[in-house]
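Chemist: Let me begin by handing over the structure; questions about it come next.
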Amino acid sequence: MSPQPLPTTFPPFLPPAIQSLTEPTSIALAQNIRQISLQTPLSDRPIPTTYAQQGQAQPPIVLLHGFDSSLLEFRRLVPPLAAFRETWALDLLGFGFGDRTLVPDLTPAAIKQHIHSFWQHQIGQPVVLVGASMGGAAAIDFVLTYPDAVSHLVLLDSAGLAAGPAMGRLMFPPFDRWATGFLKNPGVRRRISLQAYHDKTLVTPDAEVCAALHLECPSWSEALIAFTKSGGYNFLTKRITDIAPPTLIVWGRQDKILGTQDATRFEALIPDAQLIWIDECGHVPHLEKAQETAAAIQSWLNDAR
């Protein structure tokens, strides 16, 4: 009888369902996740904060994931980026695998402060800030407040021009629990994933595990309710023209989550912007066309330099 393979070793703070991962990029990034106790102005106690870091060449790239997601969203993008730049993927405050209990007032301002504290303690030099979907809005909000921390901005099918989530109007008992329960339903999450991808075959069992793993972390529902009640990033529209760093807009031509009109709107509003379309791609170019997305970022950074 042949010996059974040993279980893959993952950081102990990740949910047990992490053992269900099967794709090499997912396993590799999950094994690379680290957690630090981050001192911030948001709490008297350090906030357990999760991130992954790979690569060496400077200046660094920092990746910010989307709504109700985690840094595992970048499992396919980190390797090609880390091949030419030091690359960090950060779990936003209240999302991913970090702590959700120490900052009950979960707002864009709190998320921005948390990113800045992480930047101060771990990086401390201007970065290429990359935001996907809601992470793009968080990146815009960050660069408008801390322009000296960002040398270049990259927006991947970014939020920031559209209104906040409509379900914010339902975030009071008992509808708040009903809304988060609805989002936690595996069938609902699968339908959202299928809509996000142009190539539906990429919605694999492994991809579904990655998309839902953070739901098993304590206080997921409470954090999602708190952030949604805050109104999200629907205050940014009038400030898009104030974005100072050179900005690359990468957009899937078949995006059915945000559509495609905001891509050209961002290009028109941001003073120093370039738009690159990714063909045969939906809302998640960093997952669906990771190599092409990384190549576009690398080429743009080389040209900018």
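The values are calculated or read from the model by the stated rules, or taken from the named source; none is laboratory data. Predicted model, so just to flag it, every value in this text is computed and none were measured. Glycine gets a Cβ as well: all are built from the backbone with ideal geometry, and neighbour counts include every protein chain shown.
Chemist: Go through H152, H121, H65 for me and flag whichever is over 25 Å from A207 (Cβ atoms) and buried (at least 19 other Cβ atoms within 10 Å of the Cβ).
Modeler: H152
Chemist: Residues being closer than 24 Å to A132 by Cα, outside any strand (DSSP E or B) and at pLDDT 95 or above: count how many of those fall in the range 41-63.
Modeler: So the answer is 2.
Chemist: Scan the range 196-211 for residues that are without any contact (Cβ under 8 Å) to a residue 40 or more places away in the chain and of a type in the set (A, V, I, L, M) and report the count.
Modeler: Of the residues in the range 196-211, 1 are without any contact (Cβ under 8 Å) to a residue 40 or more places away in the chain and of a type in the set (A, V, I, L, M).
Chemist: Please indicate, with yes or no, whether at least one residue in the range 66-85 is among the polar types (S, T, N, Q) and more than 23 Å from F10 (Cβ to Cβ).
Modeler: No; the residues of the range 66-85 include none that is among the polar types (S, T, N, Q) and more than 23 Å from F10 (Cβ to Cβ).
Chemist: Scan (1) at pLDDT 95 or above; (2) aliphatic (A, V, I, L, M); (3) over 23 Å from T107 (Cβ atoms); (4) touching a strand residue (DSSP E or B) at 6+ places or on another chain (Cβ under 7 Å) for the single condition A304 breaks and write down its number.
Modeler: (1)
Chemist: Output the residues belonging to the range 96-110 that are buried (at least 20 other Cβ atoms within 10 Å of the Cβ) and touching a Phe, Trp or Tyr at 6+ places or on another chain (Cβ under 8 Å).
Modeler: Across the range 96-110, the qualifying residues are F97, R100, L106, P108.
Chemist: Might you check whether a residue that is under 22 Å from L129 (Cβ atoms), at pLDDT 95 or above, in contact with a Gly (Cβ under 9 Å, 6 or more places away or on another chain) and assigned to a loop (DSSP other than H, G, I, E, B) occurs anywhere in the range 213-221?
Modeler: No - not one qualifying residue is present in the range 213-221.
Chemist: Right, here's the next one. Look through the range 118-142, keep the residues that are assigned to a helix (DSSP H, G or I) and either out of contact with any Leu (no Cβ under 8 Å at 6 or more places or on another chain) or among the charged types (D, E, K, R) (or both), and return whichever of them is nearest to A263 (Cα to Cα).
Modeler: Here the residue is M134.
Chemist: For R100, state whether it is touching a residue at least 40 places away in the same chain (Cβ under 8 Å), assigned to a loop (DSSP other than H, G, I, E, B) and either more than 30 Å from K229 (Cβ to Cβ) or touching a helix residue (DSSP H, G or I) at 6+ places or on another chain (Cβ under 8 Å) (or both).
Modeler: Against the criterion (touching a residue at least 40 places away in the same chain (Cβ under 8 Å), assigned to a loop (DSSP other than H, G, I, E, B) and either more than 30 Å from K229 (Cβ to Cβ) or touching a helix residue (DSSP H, G or I) at 6+ places or on another chain (Cβ under 8 Å) (or both)), R100 qualifies.
Chemist: Identify, from the list S69, S133, the residue that is within 18 Å of A294 (Cα to Cα), in contact (Cβ under 8 Å) with a residue 40 or more places away in the chain, in contact with a Phe, Trp or Tyr (Cβ under 8 Å, 6 or more places away or on another chain) and among the polar types (S, T, N, Q).
Modeler: The unique qualifying residue is S133.
Chemist: Could you please find all residues in the range 233-275 being of a type in the set (A, V, I, L, M, F, W, C) and part of a helix (DSSP H, G or I)?
Modeler: Within the range 233-275, I240, A263, F266, A268, L269 meet the criteria.
Chemist: Restricting to the range 276-295, name every residue that is surrounded by fewer than 20 Cβ atoms within 10 Å (Cβ to Cβ), touching a residue at least 40 places away in the same chain (Cβ under 8 Å) and of a type in the set (A, V, I, L, M).
Modeler: A295
Chemist: A further question follows. Within the set of pairs 6 or more residues apart or between chains, which connect a residue that is among the aromatic types (F, W, Y) inside the range 137-153 to a residue that is in a helix (DSSP H, G or I) and crowded, with 22+ Cβ neighbours inside 10 Å with Cβ atoms less than 6 Å apart?
Modeler: F142/I115
Chemist: Right, another one. Show the residue pairs that are 6+ apart or on different chains and have beta-carbon atoms under 7 Å apart, the first residue being within the range 245-260 and closer than 25 Å to P126 by Cβ, the second being part of a loop (DSSP other than H, G, I, E, B) and among the hydroxyl-bearing types (S, T, Y).
Modeler: These pairs meet every condition: W251/T260.
Chemist: Something else: Those residues that are basic (K, R) and either in contact with a His (Cβ under 9 Å, 6 or more places away or on another chain) or exposed (fewer than 13 other Cβ atoms within 10 Å of the Cβ) (or both), I need them from the range 183-241; list them, please.
Modeler: R191, K200, K238
Chemist: Here is a follow-up. Does the range 265-275 include one or more residues that are among the charged types (D, E, K, R), crowded, with 18+ Cβ neighbours inside 10 Å and under 27 Å from R76 (Cα atoms)?
Modeler: no
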